[in-house]
1. Name the residues in region 50-83 that are among the hydrophobic types (A, V, I, L, M, F, W, C), more than 17 Å from Gly103 (Cβ to Cβ) and in contact with a helix residue (DSSP H, G or I) (Cβ under 7 Å, 6 or more places away or on another chain), would you?
2. Would you check if Leu16 is free of Cβ contacts under 8 Å to residues at least 12 places away in the same chain, under 10 Å from the mean Cα position of the chain (by Cα) and within 17 Å of Val65 (Cα to Cα)?
3. Please work out if Ile42 is under 20 Å from Trp81 (Cβ atoms), touching a Leu at 6+ places or on another chain (Cβ under 9 Å) and aliphatic (A, V, I, L, M).
4. Which condition number in (1) free of Cβ contacts under 8 Å to residues at least 12 places away in the same chain; (2) within 18 Å of the chain's Cα centre (by Cα) is the one that Trp66 fails?
Amino acid sequence: MKKPKAKILFLIAVLLELIGNFLISYTEGFTVLLPSVVCFLIYSLSAVFFGFSLKEINLGIAYAVWSGVGIVFLAIVSVFWFRLPLTIPDIIGLVMITIGVVGMDLFGAAEE
């Protein structure tokens with residue numbers, strides 16, 4: 001069974017990764033110093049929290065959730081913040097990713 005501490009560490013890791021992914025567009029290819037440094041620090045902290053959470057959470061499940069949440073969140077942010085369109089195939093893909101991540105989390109590998 002997952003300990004609450006591991007879940008909190010994982011949640012922090014995911015939130016930091018989402019912030020880093022959002023801010024990366026402001027680095028202009030890592031040519032703007034302040035956003036680049038902030039992104040590096042946020043990604044580094046995210047990796048640290050992710051690593052700590054893996055003491056209790058299955059790596060495959062954690063990485064699937066981490067990736068899936070990031071993809072879906074940033075697609076939604078891109079629509080509202082950056083005014084980028086989503087096509088029907090994009091939406092279908094995002095729904096499939098969401099179903100897959102939820103399925104892995106609910107019915108995935110047994111915890112040790």
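Only the coordinates and a few stated rules stand behind these numbers; no lab work does. The model shown is predicted, which means the values in this text are computed figures rather than measured ones. We place every Cβ from the backbone using ideal geometry, glycine too, and count neighbours over all the protein chains shown.
1. Result: Phe50, Phe52, Leu54, Phe73, Leu74, Ala75, Val77.
2. Values: free of Cβ contacts under 8 Å to residues at least 12 places away in the same chain: no; under 10 Å from the mean Cα position of the chain (by Cα): yes; within 17 Å of Val65 (Cα to Cα): yes.
Answer is no for this residue.
3. Values: under 20 Å from Trp81 (Cβ atoms): yes; touching a Leu at 6+ places or on another chain (Cβ under 9 Å): yes; aliphatic (A, V, I, L, M): yes.
Against the criterion (under 20 Å from Trp81 (Cβ atoms), touching a Leu at 6+ places or on another chain (Cβ under 9 Å) and aliphatic (A, V, I, L, M)), Ile42 qualifies.
4. Only one criterion is unmet by Trp66, namely (1).
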